[in-house]
Amino acid sequence: MKLSIVIPVYNVEDTLRRCLESVLAQVDERMEMVIVDDGSTDSSAVIAEEMTAGRTECRLIRQANKGLSAARNAGIEVATGEYITFVDSDDFVAEGTYSALLAVLDGHPTYDILEYPVMEHYGHPTKQHLLTFPDAVVGSIRDYWLCGAHLHTYACNKLYRRELFADIRFPEGKAFEDAYTYPLLLQRARLVATTSVGLYYYCQNDRGITARAGGKELTDLLEAHLKHLKLWGELTPEYYQALLNIQMDVYEATPADPVLPVLPYKGTLKLFVLHLIGIKRLCQLNQFIHRIRKRNRS
């Protein structure tokens with residue numbers, strides 16, 4: 001078995017058929033599909049069972065609702081492929097994607113992680129964007145992370161050597177669980193590559209965790225980045241400002257004092273103001289500006 005495709009499912013009866021159809025049309029003797037029903041209360045489990053009936057390459061697992069991380073972890077536990085990938089059940093995959101990706105791996109059997117293109121926020125009138133990659137081997141994991149990978153930690157547009165998950169799992173009870181996990185996988189991998197072939201459709205979901213992220217979820221995201229901060233050594237100003245933006249969002253959504261350390265990165269007006277007035281006052285200023293804008297719009 002070359003590839004295990006893990007699909008967590010929870011109350012997605014409106015999008016599940018599209019997702020499963022896109023994957024089932026590509027599955028051949030080199031692949032297996034593992035569907036994990038995470039305690040759905042709608043017709044999702046019934047749809048999954050009907051669509052995979054008689055397909056020996058498909059496995060349906062049912063468990064009590066434990067969240068996305070636990071569902072992915074359950075899939076990892078039973079996967080048998082040399083590589084593993086994930087599909088969220090409100091997304092779908094372009095025709096021919098997996099055959100094209102496996103062809104890349106056949107030509108480069110030492111790759112441990114292969115990242116492929118993703119259509120971000122598919123279906124949104126202004127946010128939809130095609131994220132593409134060169135056909136290249138990542139020379140520096142640190143540079144790869146600091147120069148952009150931290151913005152697309154998505155679990156789903158990557159193929160991973162299954163051995164990488166030997167003692168790594170997605171953290172249960174955390175939002176933005178991929179931001180916790182991907183740096184650990186990168187540190188374990190010997191060879192990471194990107195490719196221009198294949199396409200994952202990351203669909204806009206106004207009911208999803210990302211779209212509805214509040215104080216708890218944003219705190220999880222900041223915590224995920226801070227957890228791995230020491231891995232990267234000296235940061236770039238761009239990455240540090242991205243962390244600062246998350247911290248300001250956390251402060252605006254919660255009463256908690258800022259936890260991001262003030263580091264000596266400069267180069268933008270926001271970083272200049274940070275060193276001028278301090279991080280808490282910068283967060284308060286950001287909150288005040290947002291309140292004024294909201295008041296003016298109403």
Notebook entry, point to check: Between segment 236-298 and segment 98-151, what's the alpha-carbon centroid distance in Å?
Noted result: 30
Notebook entry, point to check: Is segment 59-134 rounded, prolate or oblate when judged by the Cα gyration tensor, a ≥ b ≥ c being the square roots of its eigenvalues, rounded requiring a/c under 1.5 and prolate requiring a/b larger than b/c?
Noted result: oblate
Check: Per the 1.4 Å probe, what fraction of the accessible area of the chain, in percent, lies on carbon and sulfur atoms?
Finding: 52
Checklist line | Potential lengthening between SER140 and ALA166 on full extension [0.36 nm per residue; Cα-Cα distance subtracted] | finding: 7.0 nm
Check: What order, most packed first, do the peptides 162-175, 51-64, 219-232, 71-84 have when packing is the mean number of other Cβ atoms within 10 Å of each residue?
Finding: 71-84, 219-232, 162-175, 51-64
Margin query: Using the Kirkwood formula on the Cα atoms of segment 93-228, what hydrodynamic radius do you get, in angstrom to one decimal?
Written below: 15.8
Check: Can you give the accessible area per residue of segment 1-128, in Å², using a 1.4 Å probe?
Finding: 41
Next item on the list: With only Lys, Arg, Asp and Glu charged, each at its Cβ (+1 for the first two, -1 for the last two), find how big the charge dipole of the chain is about the Cα centre; round to the nearest 20 debye.
Entry: 1460
Notebook entry, point to check: Can you give me the relative contact order of the chain as a percent, contacts being Cα pairs under 8 Å and 6 or more apart?
Noted result: 17
Note to self: Among VAL104, LEU151, GLY214, whose Cα projects farthest towards the positive end of the dipole of segment 96-228, with charges put on the beta-carbon of Lys, Arg (+1) and Asp, Glu (-1)?
What the structure shows: GLY214
Check: Is the shape of segment 1-68 best called rounded, prolate or oblate, per the rule: a/c under 1.5 gives rounded, else a/b larger than b/c gives prolate, else oblate, with a ≥ b ≥ c the square roots of the Cα gyration tensor eigenvalues?
Finding: prolate
Next item on the list: Work from the charge dipole of segment 207-298 (Cβ charges, +1 for Lys and Arg, -1 for Asp and Glu, about the Cα centre) and give the residue of SER298, LEU276, LEU226 farthest towards its positive end.
Entry: SER298
Checklist line | Size of electric dipole in segment 236-298: Cβ of Lys, Arg +1 and of Asp, Glu -1, about Cα centre, debye, nearest 20 | finding: 380
Check: Amide H of SER196: which non-local residues (sequence gap of 5 or more, or other chain) have their own amide H closer than 5 Å, using H built in the peptide plane?
Finding: ASP135
Notebook entry, point to check: Which percent, nearest 5, of DSSP beta bridges in the chain are antiparallel?
Noted result: 35
Item checked: Farthest toward positive dipole pole in segment 126-243 [+1 Lys/Arg, -1 Asp/Glu at C-beta], among TYR160, VAL192, TYR202 -> TYR160
Notebook entry, point to check: Sorted from largest down, what three extents in whole angstroms do the Cα atoms of the chain have along their principal axes?
Noted result: 65, 44, 35
Next item on the list: Please give every one of the lysines within straight-line cross-link reach of LYS158, meaning a C-alpha to C-alpha distance under 19 Å, and leave out same-chain neighbours fewer than 8 residues apart.
Entry: LYS2
Next item on the list: Using the Cα centre as the reference, give the magnitude of the dipole from point charges on the C-beta atoms of segment 51-117 (Lys, Arg: +1; Asp, Glu: -1; all else neutral), rounded to the nearest 20 debye.
Entry: 420
Next item on the list: Work out how far the C-alpha atoms of segment 1-120 reach from end to end along every principal axis, then list the three figures in whole Å, largest first.
Entry: 43, 32, 26
Note to self: Under 8 Å for C-alpha pairs, at least 6 residues apart: give me the relative contact order for segment 41-138, rounded to a whole percent.
What the structure shows: 11
Note to self: Give the lysines whose C-alpha is closer than 18 Å to that of LYS266, dropping any in the same chain fewer than 8 places away, or say none.
What the structure shows: LYS280
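The values are calculated or read from the model by the stated rules, or taken from the named source; none is laboratory data. None of these values were measured; they are calculated from a predicted model. No Cβ is skipped: glycine too gets one built from the backbone with ideal geometry, and neighbour counts run over all protein chains shown. Protein only, heavy atoms only, side chains kept; ligands, DNA and RNA dropped before computing areas. Shrake-Rupley method; radii C 1.70, N 1.55, O 1.52, S 1.80 Å.
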